[in-house]
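Below is one structure, written out as structure tokens, with a few remarks after it.
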């Protein structure tokens, strides 16, 4: 998450008044970018991963693990080092293993207990680069650790198991119920103090007209009370008007209830961004990666605990969606539309709803028939020269209000900036993001971000999933793969991915035949690179076979079949596709062995030989001597879990050490 | 008569055929399936199974060879400029074919690839000699001299003939047609024996994928010392057996050859595959395989040359 310049942030009623202006200016900035960059060509493949960490302070004496709010100090210390490094005067011993690699880059995140780290320079496709990813991730973790207190650790759990519990789960301690979040569970100090963040949280709450509401079904163990009424909810608070929420039924039976942005945006993710060769390839990748989002979400599942309770879901996604859901009751469909413009079916943080590629294989039937778009904005974009599909995409993103507006930015429209455009673009947190080149640079192209994956506990896993997705994109482009399904099926898949053990127990809609049925023999590349039917084709006829009904193109498949291929040969599988790609390029022995380890991890996660992080955490809690089979994850269990996760990040399950079930499959 | 079989660009035409079934470790499935599907696509251009074109309509009889299928004269070549690509060619000299023919075979194969991709040079030519099996277990190359072919007889691919072949490759390299040369399945002993005889050293030694994680240390060290890159592959040793060729082209396949050498249901005579070449064009900075395919050449009928 990049930080915007400081300024005077407008509170909600004022921000709302300026929303139209920000949208209009944002669209003009987008059109300016479009005009400058739509012809950008031949950008190389560059990609980057983002790893997010929780900073956890371990108290050996009290046997407690707490979230540390030391983000600012850690970042300051990291930044000082990075500056020294860049000036070549770093006193820090520069690990020889990382000779020639730029020092990693650390940035703040929403949670004041979080860090985000990216490689110092983006990766290329050269296989030597792929070999560096894992060691670079480990290096990042080491560097982060050296800037923390001796008892603090960078932990890659998606969520802290006891965030928002009654005790002192943060250090230093602050009492809950501050003016920005108005949460009865977490203090305002939980969020990054940069004005952007409290404003974001406060304006989401104000716009919505009440606090955000997260109800996660509790995992019912044999001693869990029936019905389960979240015992941590306080019904007698009277500090803020929003304290009425729970008295109005915000907390549901049999659910763990949470009421603040921090419960969602305080989650750690693994995100990958690719630079495409040009806008056409970017649009292709955006569309083709979209159906993979829910599959990779289920495969990376790592989130079975919230607020001290085992829950019945395995992933973080919907919690984040609910944590930033700024929709009003009218937009949600709970009240008739009076003041608002639309019913909006999804949160700003949700699976994506558009396909954008000008691809002859994209059938009308794949598009969302109920897509909400701002027709005026769409019209303006089309007038400005943008094609219908892409104009629809942005006019869909721009149905939202800007949440954080700095009054200084409203004085003059600067078409050489992207601030107003980014205001909306970067607060549409969909599982895919299509990113135009930033203005003012010539060396960054059109990019696509893949955002659904959960962070994994070890860097080996994080490298494996990052590299897997990179290789999948190469296979998509090389084989011209077609993963299109109606986009509403992807939305459904996203829900399916939440179920406990969805990776093995559920089936997902997926396209049966990923190969293009129009053989290239019947297509000819015209000089400008677009495909056109060839009259001179030696194979004669160029009439494509008639398309069958859309429903016949996809079916419900297990993740094992999608990843490894169906045994009956009906689906080739993503790993065999990637291997076939690797067999078509020159890969040196060392790299291929490295890649084999990564592909093997993913293959065995998909077929159940290896556990997901979610399953491992569940088993860890269930077999802990202090666990009473009442769904409660106590301080003691949390402490041991954090210690185990830290050990795992170092030993990686080797020789029967902790975590072998999800990393190696045997002791 | 020569038969020139081709797959066209299998990255898209091949579709499912390029994906190995999960169960087979290494095989020539890719070559066989992509040949078969290219024949089918050319023979039967529409989905209608009765719409089967006669051989003359989809093959091309050139002055020196029968092209199966006919090569597309409007083939566009590569989409971007030549410098954007890494073009790798792997030439399989087949078992039982005299080494004396390799010089001509190499030219033939390279010419077809250059024409298909519309380029005038390739970046890497890897040659695969028959009968060499890389054995990672004890790091000694075994020569499988006893493998039998359908013709019954089999000569060992002796060292001198490899050197002789290499001379021809060096000549092409020096002409600028090939930037780098490579070998396949060489262990460190064989490399050490081979190198002193070369003017142009191999830059690459390609070894089978199955063994890649147990590569002998001696080979890794030797390759590093000699600046030879160890690459992996997944190709089959005997990539195009005689029987398979007849099956592909016979009445049950393309319908060009007779079912046996003296049957009357197609072109008569013996069929003898001479070489197979695989080519790939990869966009360097993006890692995208844009074009990949095979050519295979077989001698047919009365033209099958006598063994020396």
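The numbers here are math on the coordinates, done by the rules we state, and not lab data. Note that this is a predicted model, so its numbers are computed, not measured. For neighbour counting, all protein chains shown are included, and Cβ atoms are generated from backbone atoms with ideal geometry for every residue, glycine included.
See the values below:
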{"quantity": "Length-normalised contact order for chain A - Cα pairs under 8 Å, 6+ apart - percent", "calculated": "18 percent"}
{"quantity": "Relative contact order (%) - segment A:358-478, alpha-carbon pairs under 8 angstrom, separation at least six", "calculated": "15 percent"}
{"quantity": "For segment A:6-89, fraction of C-alpha pairs farther apart than 16 Å, in %", "calculated": "79 percent"}
{"quantity": "Burial ranking of peptide ranges A:446-452, A:581-587 (average Cβ count within 10 Å, highest at the top)", "calculated": "A:446-452, A:581-587"}
{"quantity": "In nm, spacing of pseudo-spin labels at residue B:265 and residue A:84 (7 Å Cα→C-beta vector)", "calculated": "8.2 nm"}
{"quantity": "At R0 = 22 Å, FRET efficiency that the Cβ-Cβ distance of residue A:443 and residue A:195 yields, to 0.05", "calculated": "0.10"}
{"quantity": "Semi-axis lengths, Å, segment A:228-340, gyration tensor of Cα atoms, sqrt of 5 times eigenvalues", "calculated": "34, 21, 12"}
{"quantity": "Approximate spin-label separation residue A:220-residue A:340, in nm, with each point projected 7 Å along Cα-to-Cβ", "calculated": "3.2 nm"}
{"quantity": "Spacing of the two label points (7 Å from each Cα toward its C-beta) at residue B:121 and residue B:82, in nm", "calculated": "0.7 nm"}
{"quantity": "Kirkwood-type radius of segment A:237-299, with distances r between different C-alpha atoms, in Å", "calculated": "16.0 Å"}
{"quantity": "Zone of residue A:174's modelled label, taken as backbone nitrogen in segment A:256-279 under 17 Å from a point 7 Å along Cα→Cβ", "calculated": "A:259-267"}
{"quantity": "For A:468-480, mean number of other protein chain Cβ atoms within 10 Å", "calculated": "4"}
{"quantity": "Protection proxy ranking of A:401-414, A:221-234 - average other beta-carbon atoms within 10 Å, highest first", "calculated": "A:401-414, A:221-234"}
{"quantity": "Rh (Kirkwood; distinct C-alpha pairs) - segment A:196-237, Å", "calculated": "13.2 Å"}
{"quantity": "Peptides ranked, highest mean first, by Cβ atoms within 10 Å: ranges B:170-182, A:147-159, B:87-99", "calculated": "B:87-99, A:147-159, B:170-182"}
{"quantity": "Cα gyration tensor shape for chain A, rounded if a/c is under 1.5, else prolate or oblate", "calculated": "rounded"}
{"quantity": "Number of partner chain Cβ atoms within 10 Å, mean per residue of A:570-583", "calculated": "4"}
{"quantity": "Difference of contour (0.36 nm per residue) and Cα-Cα distance, residue A:135 to residue A:629", "calculated": "173.9 nm"}
{"quantity": "Test item: A:595-605 mean partner chain Cβ contacts at 10 Å", "calculated": "1"}
